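Could you have a look at this structure, given as structure tokens, before my questions?
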Amino acid sequence: MNFDVKKDVKRILVICFSAVIMAANIKTFVRTGGLYPGGATGLTILIQRIAEMFFHITIPYTIVNLLLNAIPVYIGFRFIGKKFTLYSCLMIVLTSILTDLIPGYVITYDTLLISIFGGMINGLVISLCLMMEATTGGTDFIAIFLSDKKGVDSFNIVLALNIIILSLAGILFGWDKALYSIIFQYTSTQVLHALYKKYQQVTLFIVTNKPKAVCEAISIVSNHGATILEGEGSYEHCERNVVYSVVSAAENKKVIRAVKDSDPNAFVNSVRTQQLSGRFYQKPAD
């Protein structure tokens, strides 16, 4: 594990902030709306409510959530990255303890508003953690593992898995809350897709007179290669070189800046890649 003090301090501060927001979201929106937000959080709340309703036992959120995250944490250490998993454990533990400690505050009793805005906050927190190379735990570990293996965004697969949990909640406690919880989870996933783009790709078509310098710039910034194509400008009928490359959407702006630094006159067309087959480098988690 490599340690960069400045970077690590930033990661710890952002993760602590994210844990406070996540815990407040659970107490303010999720519990007020009676929702089940999916993943380890939703399953923890579901177990708590089953214990309260059928056995009249109050189980602390911390105990259940930590137990449910045991297997995902093992997957993280084994297959994703040790430092990545350690920071994720910090997020899991802080969120669990704060959820038990901080008081709940009711902003609104409108379940639809709770589902939408609670889902937006949930997606924002997950995105912040992922940007700091950590997760909120639970199914996020599975999503990262699948994304690394398949090279594609797998959070929609996790959304489908969460719907199974929500279906169980619907059978036990009524379908209205379960359906609102699906809205919560869908909103969260859409915010996540908008903010976190590591597993999304874009295709770059760059018309340039300095193809080798552009290829080198792409390689330095993204560690991706490129293909140089020969063409002809239709207006001046002169030779033009087109550099073709596929990079992560998260690196797109940095790559374009590097290309423009290499050739200020370069013409860059960035197109979202819908499907990719073949070898594509993904920076591994630390």
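Starting from region 243-281, pick out the trypsin sites (Lys or Arg not before Pro) whose DSSP state is loop and whose Cβ has at most 12 other Cβ atoms within 10 Å.
Of the trypsin sites (Lys or Arg not before Pro), the ones in loops of region 243-281 whose Cβ has at most 12 other Cβ atoms within 10 Å are Arg279.
Let me ask something else. Can you put Ile163, Ile12 in order of Cβ neighbours within 10 angstrom, beginning with the fewest?
Ascending number of Cβ neighbours within 10 Å: Ile12, Ile163.
Choose one answer from Ile114, Ile97, Ile15: the residue with the largest mean-square fluctuation in a GNM of the chain with alpha-carbon springs under 10 Å.
Of the options given, Ile97 has the highest mean-square fluctuation.
For region 147-251, give the magnitude of the charge dipole about the Cα centre (Cβ charges: +1 Lys/Arg, -1 Asp/Glu; no others), in debye to the nearest 20.
Its charge dipole is roughly 380 debye.
Past 28 Å, Cα to Cα: identify those pairs from Lys82/Lys197; Lys7/Lys82; Lys82/Lys212; Lys10/Lys212; Lys6/Lys198; Lys27/Lys198, in the order given.
Lys82/Lys212; Lys10/Lys212; Lys27/Lys198
What's the magnitude of the charge dipole for region 1-128 around its Cα centre, counting Lys and Arg as +1 and Asp and Glu as -1 at the beta-carbon? Answer in Debye, nearest 20.
The calculation lands at about 460 debye.
Amide H to amide H, which residues 5 or more places from Arg240 or on other chains are under 5 Å from it, using H placed in the peptide plane?
Gly231, Glu232, Gly233
Then there is this: For region 201-272, build the charge dipole from Cβ charges (+1 Lys, Arg; -1 Asp, Glu) around the Cα centre, then report which of Val259, Val242, Ser222 sits farthest towards its positive end.
Towards the positive end, the residue furthest out is Ser222.
What are the membrane-span-like helices in the chain by this rule: whole DSSP H runs, Cα extent along the axis at least 27 Å, mean Kyte-Doolittle hydropathy at least 1.6?
Helices meeting the criterion: 111-131.
Something else: In deg cm²/dmol, rounded to 500, what helix-only [θ] at 222 nm does the chain give when every DSSP H run of at least 4 residues adds -39500 (n - 2.57) and the total is split over its residues?
That comes out to -19000 deg cm²/dmol.
While we're looking at this one, here's another question. With +1 on each Lys and Arg Cβ and -1 on each Asp and Glu Cβ, and nothing else charged, work out how big the dipole of the chain is about its Cα centre, in Debye to the nearest 20.
Dipole magnitude for the chain comes out near 400 debye.
A short reminder: the numbers here are calculations on the coordinates, not readings from a lab. All figures in this text were calculated on a predicted structure; none of them were measured in a lab. Every residue, glycine as well, gets a Cβ built from its backbone with ideal geometry; the counts of neighbours run over all protein chains shown.
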